[in-house]
Amino acid sequence: MGNAGRAGHVGAGMTTIGLIGSGKIGSTVARLAVAAGYDVVLSNSRGPETLRELVDELGPHARAATPAEAGEAGDLVVVTIPLGKYREVPVAPLAGKVVVDTNNYYPDRDGHFAPLDDESTTTSELLQEHLPTSKVIKGFNNIYFEHLLALARPAGSPERSALAIAGDDAEAKRAVIEFFDAIGYDTVDAGPLAEGWRYQRDTAAYAPVYASKGPEGWSKPVQVTKDTLKAALASSRRYAEMGAD
């Protein structure tokens with residue numbers, strides 16, 4: 001499965017990944033998780049029956065369910081749906097759980113959110129507000145799904161890349177770092193959830209940092225070490241600052 005193989009190992013306290021949304025990022029995370037020995041429970045807005053082909057591909061460690069069932073089953077839950085639908089994420093099944101939010105804000109797709117337009121909050125803070133009893137961590141949002149699959153490497157590999165996280169709960173961060181390690185990635189902690197803007201759309205730490213530009217666009221995956229990612233996060237600027245140039 002890509003270059004990940006069995007990239008890591010399942011931690012003793014976390015064996016099942018629930019996915020609310022099973023599109024390009026969600027299905028890629030599922031592939032990496034199964035390769036690392038996790039069970040996955042997939043869901044989408046169209047019903048479990050629409051995921052039969054993906055479940056068959058992933059094998060006996062995967063099953064399809066409703067979003068509420070996936071949230072209930074997951075020791076860790078990945079929410080990977082369009083931002084405009086974030087209020088549809090079930091609240092009660094995610095109570096007390098670590099939730100990885102992959103969202104990015106695309107006004108043309110999602111509609112306008114005034115607090116995002118004026119940069120008084122971030123996408124993951126919106127989800128955290130919607131899920132007050134969950135522990136939201138921002139992750140997986142700044143890498144193209146094909147590069148996420150292609151760049152996974154076992155622990156200790158000199159070719160290993162890093163992914164960023166942001167969040168307000170130290171224990172939740174440790175759980176996500178363990179998961180990232182198992183599926184083939186080092187982690188850079190960008191700080192509290194409010195700092196998630198540093199790797200949102202169009203910033204220095206967004207998707208192109210993991211790719212080289214060729215005749216067909218940003219196509220070839222490129223290793224991003226922890227030092228490279230830290231530098232990109234540090235150099236990121238808010239949209240208002242970009243517009244002032």
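The values are calculated or read from the model by the stated rules, or taken from the named source; none is laboratory data. Just so it is clear, the model here is predicted, and its values are computed rather than measured. Positions of Cβ are generated from backbone atoms using ideal geometry, with glycine treated the same way; all protein chains shown enter the neighbour counts. Accessible surface is based on the protein model in full, side chains and every heavy atom, while ligands, DNA and RNA are left aside. Shrake-Rupley method; radii C 1.70, N 1.55, O 1.52, S 1.80 Å.
Structural remarks
- Looking at GLY111, GLY139, just one residue is of a type outside the set (S, T, N, Q), farther than 20 Å from TYR206 by Cα and open to solvent by less than 50 Å² (accessible area, probe 1.4 Å), and that residue is GLY111.
Let's see how each residue does on (1) without any contact (Cβ under 8 Å) to a residue 24 or more places away in the chain; (2) more than 16 Å from THR102 (Cα to Cα); (3) more than 16 Å from the chain's Cα centre (by Cα):
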position: ASP118; (1), (2), (3): yes, yes, yes
position: HIS130; (1), (2), (3): no, no, yes
position: GLY139; (1), (2), (3): no, no, no
position: ILE143; (1), (2), (3): no, no, no
position: ALA205; (1), (2), (3): no, no, no
position: THR225; (1), (2), (3): no, yes, yes
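- Test: LEU163 is crowded, with 19+ Cβ neighbours inside 10 Å and within 27 Å of SER22 (Cβ to Cβ): yes
- Every pair of residues 6+ apart whose Cβ atoms lie under 7 Å, when the first sits in segment 162-178 and is within 27 Å of ALA150 (Cβ to Cβ) while the second is open to solvent by less than 70 Å² (accessible area, probe 1.4 Å) and of a type in the set (Asp, Glu): ALA162/ASP186; ALA166/GLU195
- Each residue in segment 208-223 was checked for being of a type in the set (S, T, N, Q) and either without any contact (Cβ under 8 Å) to a residue 40 or more places away in the chain or outside any loop (DSSP other than H, G, I, E, B) (or both), and 2 of them qualify.
- In segment 181-202, the residues that are open to solvent by less than 10 Å² (accessible area, probe 1.4 Å) and over 14 Å from ASP101 (Cα atoms): ALA182, ILE183, GLY184, TYR185, VAL188
- Among the conditions (1) surrounded by 13 or more Cβ atoms within 10 Å (Cβ to Cβ); (2) closer than 18 Å to VAL91 by Cβ; (3) hydroxyl-bearing (Ser, Thr, Tyr), the only one that THR133 does not satisfy is (1).
- The helices (runs of 4 or more DSSP H) found entirely in segment 120-207 that carry 3 or more residues being closer than 21 Å to TYR106 by Cβ and in contact with a strand residue (DSSP E or B) (Cβ under 8 Å, 6 or more places away or on another chain) are 123-130.
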